[in-house]
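**Q** Okay, here's the structure, questions in a sec.
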Amino acid sequence: AIARELASSSNGVILKHLRIANAGTVGVQMGAIGTVLINCKISGSGTDGVTTSTHGTYLVGCEVSVNTGDGIQLRGDDIVTAGCYIHDNGGAGVNVDTTVAAGVLVNTIIEANGSHGVLSEGTIFAWHCTIDGNTGATTSGVRATTAPLTLVFNSILSNNGEYGINADASAIGGASTY
């Protein structure tokens, strides 16, 4: 199925095998508890590809690409992105808002975005991810600013514009371990 844009405001919605293309603003707005996207392709949105605004949302096996803004804008908590391919977006691949208390990226490829691969101002855990080729002179694979906690495990960070990981002291509790 092909749709232009989609907003979920009912709890527990599961969306599978959809293509969302050329939305005027956000491709998919996940605004309800327990919303799940499985094997969806979101591309060409006027702003962000996917935004979340509550907790308990999941993206599994999705491709988010060629959106004018961020690929995925995370707001809320208990958000999981697994097995996704996030690429060629104008902004960050994944933008983690200060409201995120527990975000997880696992087995996800984040590449060739116009800004940071992951821009984190909230709590994010990344396992087994490839974060590559996010361009721009001041962009990093992972940029943690005021984030309370950013953890990256067993991941590949390569060919990004500035640093693999660029973390302010407040984002790593004042201890620098890379």
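The values are calculated or read from the model by the stated rules, or taken from the named source; none is laboratory data. These numbers were taken from a predicted model, which means no experiment stands behind them. Every residue, glycine as well, gets a Cβ built from its backbone with ideal geometry; the counts of neighbours run over all protein chains shown. To get the accessible areas, we keep the full protein, side chains included, count just its heavy atoms, and leave off ligands, DNA and RNA. Shrake-Rupley method; radii C 1.70, N 1.55, O 1.52, S 1.80 Å.
**Q** Go through segment 150-178 and report how many residues are modelled with pLDDT of 85 or more, open to solvent by less than 70 Å² (accessible area, probe 1.4 Å) and among the polar types (S, T, N, Q).
**A** We begin by selecting, within segment 150-178, every residue modelled with pLDDT of 85 or more; these are 151-167.
Now restrict to residues that are open to solvent by less than 70 Å² (accessible area, probe 1.4 Å): 151-152, 155, 157-158, 160-161, 164-167.
Next, from what is left, pick out any that are among the polar types (S, T, N, Q): 155, 158, 160, 166.
Here the count works out to 4.
**Q** Considering only segment 35-51, state which residues are of a type in the set (S, T, N, Q) and either in a loop (DSSP other than H, G, I, E, B) or farther than 15 Å from N95 by Cβ (or both).
**A** Initially, segment 35-51 is screened for residues of a type in the set (S, T, N, Q), giving 35, 39, 43, 45, 47, 51.
Residues satisfying the conditions are T35, N39, S43, S45, T47.
This table checks each residue for (1) under 14 Å from the mean Cα position of the chain (by Cα); (2) modelled with pLDDT under 90.
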{"residue": "G76", "(1), (2)": "yes, yes"}
{"residue": "S120", "(1), (2)": "yes, no"}
{"residue": "H128", "(1), (2)": "no, no"}
{"residue": "I131", "(1), (2)": "yes, no"}
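**Q** Let me ask something additional. Could you identify the single residue in T25, T54, T68 that is part of a loop (DSSP other than H, G, I, E, B), at pLDDT below 90, out of contact with any Leu (no Cβ under 8 Å at 6 or more places or on another chain) and open to solvent by 20 Å² or more (accessible area, probe 1.4 Å)?
**A** Working: T25 fails: at pLDDT below 90; T68 fails: at pLDDT below 90.
Every option except T54 fails the conditions.
**Q** Please state which of the following conditions I79 fails to meet, knowing it meets all the rest: (1) farther than 25 Å from C129 by Cα; (2) surrounded by 24 or more Cβ atoms within 10 Å (Cβ to Cβ).
**A** (1)
**Q** Report, by residue number, each residue of segment 134-144 that is touching a Ser or Thr at 6+ places or on another chain (Cβ under 7 Å) and either surrounded by fewer than 18 Cβ atoms within 10 Å (Cβ to Cβ) or more than 19 Å from G91 (Cα to Cα) (or both).
**A** Within segment 134-144, just G136 meets the criteria.
**Q** Tally time: how many residues in segment 101-133 are assigned to a strand (DSSP E or B) and either of a type in the set (V, I, T) or open to solvent by less than 30 Å² (accessible area, probe 1.4 Å) (or both)? Let's see the steps before the verdict.
**A** Filtering segment 101-133 for residues assigned to a strand (DSSP E or B) gives 103-106, 109-111, 118-120, 124-127, 130-132.
Pick out the ones that are also either of a type in the set (V, I, T) or open to solvent by less than 30 Å² (accessible area, probe 1.4 Å) (or both) and you get 103-106, 109-110, 118, 120, 124, 126, 130-131.
Matching residues across segment 101-133 total 12.
**Q** Which of (1) open to solvent by less than 30 Å² (accessible area, probe 1.4 Å); (2) within 18 Å of L151 (Cβ to Cβ); (3) outside any strand (DSSP E or B) is the odd one out, the single condition T98 does not satisfy?
**A** For T98, the exception is condition (1).
**Q** Based on what the data block shows, is L18 of a type in the set (A, V, I, L, M) and touching a residue at least 40 places away in the same chain (Cβ under 8 Å)?
**A** no
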